[in-house]
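**Student:** The structure is given below, and queries will be raised subsequently.
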Amino acid sequence: MSKLRCSSDEALRALITLGFSHDRTTGSHATYKKRVLDRTFVVTVVLGCKDLKPGTLRSIVRQSGVSRQDFINALNA
């Protein structure tokens, strides 16, 4: 399986494609939320990063509550 690489702008576009909406921005971090039934997913993304570190991107995918493949599909949408 190939390594997942993207910028923070690409990650934000993928989150919006997945149904997340902007909640707030504090300093260099933006918070996006998505409510599903009785659960709320909150994802924090650093802004202006050209290449997110693998661990940071993995954390974004995990916080979003979607599978890695669904996130990849949203990146390519």
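Bear in mind these aren't lab numbers, they're just calculated from the coordinates by the rules spelled out. The structure presented is a predicted model; accordingly, all values stated were derived computationally and were not measured. So basically every Cβ, Gly included, is an ideal-geometry build from the backbone, and we count neighbours across all protein chains shown.
**Student:** Restricting to region 11-25, name every residue that is in contact (Cβ under 8 Å) with a residue 60 or more places away in the chain and surrounded by fewer than 14 Cβ atoms within 10 Å (Cβ to Cβ).
**Tutor:** Listed by number, the list is empty, since nothing qualifies.
**Student:** Here is a further query. Suppose we keep only residues that are assigned to a strand (DSSP E or B) and of a type outside the set (A, V, I, L, M) within region 38-49. Which one would you say is farthest from Arg13 (Cα to Cα)? I'd like the intermediate steps shown before the answer.
**Tutor:** Keep residues of region 38-49 that are assigned to a strand (DSSP E or B), which gives 39-46.
Within this subset, residues satisfying the condition of being of a type outside the set (A, V, I, L, M) are 39-41, 44.
Numbers: Arg39: 22, Thr40: 19, Phe41: 16, Thr44: 13 Å.
Only one residue tops the list, namely Arg39.
**Student:** Here is a follow-up. Report, by residue number, each residue of region 41-74 that is loosely packed, with under 11 Cβ neighbours inside 10 Å and not charged (D, E, K, R).
**Tutor:** Gly48, Gly55, Ser67, Gln69
**Student:** Taking the options Arg35, Arg58, name whichever one is on the phi < 0 side of the Ramachandran plot and outside any helix (DSSP H, G or I). Talk me through it step by step, then tell me what you get.
**Tutor:** On the way: Arg58 fails: outside any helix (DSSP H, G or I).
Unique residue meeting the criteria: Arg35.
**Student:** Another question about this same structure. Out of Ala14, Ala30, Ala77, which single residue is among the small types (Gly, Ala, Ser) and touching a Ser or Thr at 6+ places or on another chain (Cβ under 6 Å)?
**Tutor:** After applying the criteria, what remains is Ala77.
**Student:** Determine the pairs where a residue that is under 19 Å from Asp9 (Cβ atoms), located within region 50-73, has a partner that is surrounded by 15 or more Cβ atoms within 10 Å (Cβ to Cβ) and among the basic types (Lys, Arg) with Cβ atoms under 8 Å apart, the partner being 6 or more residues away or on another chain.
**Tutor:** Between residues of region 50-73 that are under 19 Å from Asp9 (Cβ atoms) and residues that are surrounded by 15 or more Cβ atoms within 10 Å (Cβ to Cβ) and among the basic types (Lys, Arg), the close pairs are Ser64/Lys34.
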